């Protein structure tokens, strides 16, 4: 048990609680991550999907896609995407609230696909 808390502490302290993006459209605020699943190439690209419950916003109580193609930091999208995945896992394990954003098409509605291009996440207790 101590080992789990040590790992969570290291993850939380290294994340600085915000994972990169420029800003953009809010998808959901104050939600809880209830499930994380991989998105393989056969299903339309590399990435992962989080299911959120509660919160407010156009993607509240929805599945939100974090495709690799939407992550970017100094041309190193694999590293940025890995940090987003680590943040999602941390929020699930530590039961933290999340705010999730779409910096690419933040003005879209959920029915127009806004929940399919997430690229920014903040964690909060």
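Summary of values
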quantity: Residue check, residue 59 part of a loop (DSSP other than H, G, I, E, B), crowded, with 16+ Cβ neighbours inside 10 Å and modelled with pLDDT under 95; calculated: yes
quantity: Residue within the stretch 68-80 that is touching a helix residue (DSSP H, G or I) at 6+ places or on another chain (Cβ under 6 Å), modelled with pLDDT under 75 and over 19 Å from residue 116 (Cβ atoms) present; calculated: yes
quantity: Residues within the stretch 32-48 that are out of contact with any helix residue (DSSP H, G or I) (no Cβ under 9 Å at 6 or more places or on another chain) and at pLDDT 90 or above, tallied; calculated: 1
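The values are calculated or read from the model by the stated rules, or taken from the named source; none is laboratory data. This is a predicted model, so every value here is computed, not measured. We place every Cβ from the backbone using ideal geometry, glycine too, and count neighbours over all the protein chains shown.
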